[in-house]
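The values are calculated or read from the model by the stated rules, or taken from the named source; none is laboratory data. If you're wondering where the values come from, they're calculated on a predicted model, not measured in any experiment. Heads up, the Cβs are rebuilt from the backbone with ideal geometry, glycines too, and the neighbour counts pull from every protein chain shown. Side chains included, ligands, DNA and RNA excluded: accessible areas come from the protein's heavy atoms. Shrake-Rupley method; radii C 1.70, N 1.55, O 1.52, S 1.80 Å.
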Amino acid sequence: ARFAQVEYTVELKIDGLSVCLEYEKGRFVLGATRGDGHVGENVTENIKTIFDVPMTMDTDHEHLWIRGEVYMPRAAFEKLNCARELAGESLFANPRNAAAGSLRQLDPKICAQRGLDIFIFNIQLCEGKEFTTHAETLDYLKSLRLKVISYQKLRSVQDIDDYVLSINENRGDLPCDIDGAVIKVNDLAQRERLSATAKFPRWAAAYKYPPEEKETILEDIYIQV
């Protein structure tokens, strides 16, 4: 009975690099990687090259801090690796590595050529505004012209299970790589009561999908000592 009273959001878990974006009175001032959870890398100039990160927004919040996932779309990844192959350079192993390497480039012009994108998935701080649910925060961020992760609001275990499995079945059709789904308690007051451990929130769980498998032809093996 208690479980039936709880509403959850289910979101895609983008396989990218987590970043925090800070706005002051509607102006973008700082972008940082997650780092060790306390101290991250300043990647502000590279974040500015991502088209879906607005430099200004129509809000007067003194401080607005949001979290998102920077990723490289599959099409951009294939284009990048083709160019590197023609130039005789080593190839990136996957889009996540390519996104991480691009965001850490010292020259923002190089980062700008990599075609990075972003999905926003959380509000860390929003001075002057109160919310009751996580879904409300995502809808508010969307109203500020931010590219927000899509979500479903669900209650039953069966509905959540079905949706998580359906995401896995169709993830090959997505324009970017995902490695799972994130299930979160929607009500923010309920989250407060559930609290968190030293490392993990008790109100959220990540469902990890197995790696995608594809057949290939092994043409040769080079053995070196």
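Computed values, structure above
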quantity	calculated
Largest-first principal axis extents of the Cα set of region 95-216 (Å)	44, 42, 32
Cα-Cα over 21 Å, subset of LYS13/LYS184; LYS79/LYS109; LYS147/LYS214	LYS147/LYS214
Magnitude of the charge dipole, region 1-96, Cβ model with Lys/Arg +1 and Asp/Glu -1, debye to 20	240
Chain lengthening between GLU219 and SER143 when straightened (0.36 nm per residue, less Cα-Cα)	22.2 nm
Area projected by the alpha carbon convex hull of region 1-133, averaged over all directions, nm²	10.5
Fraction of accessible area attributable to carbon and sulfur, the chain (%, probe 1.4 Å)	51
Cross-link pairs LYS25/LYS142; LYS129/LYS208; LYS25/LYS48 - those with Cα-Cα distance over 22 Å	LYS129/LYS208
Length added when fully stretched, ARG67-LYS25, from 0.36 nm per residue minus Cα-Cα	13.4 nm
SER195-SER156 pseudo-label distance in nm [points 7 Å out on the Cα-to-Cβ vector]	3.4
Debye, to nearest 20: dipole size of region 105-225, +1 on Lys, Arg Cβ, -1 on Asp, Glu Cβ	720
Unit charges at the beta carbon, dipole of the chain: most positive-side option, LEU218, CYS176, HIS134	HIS134
Nitroxide proxy distance, nm - points 7 Å out along Cα→Cβ at GLU89 and ASP52	2.4
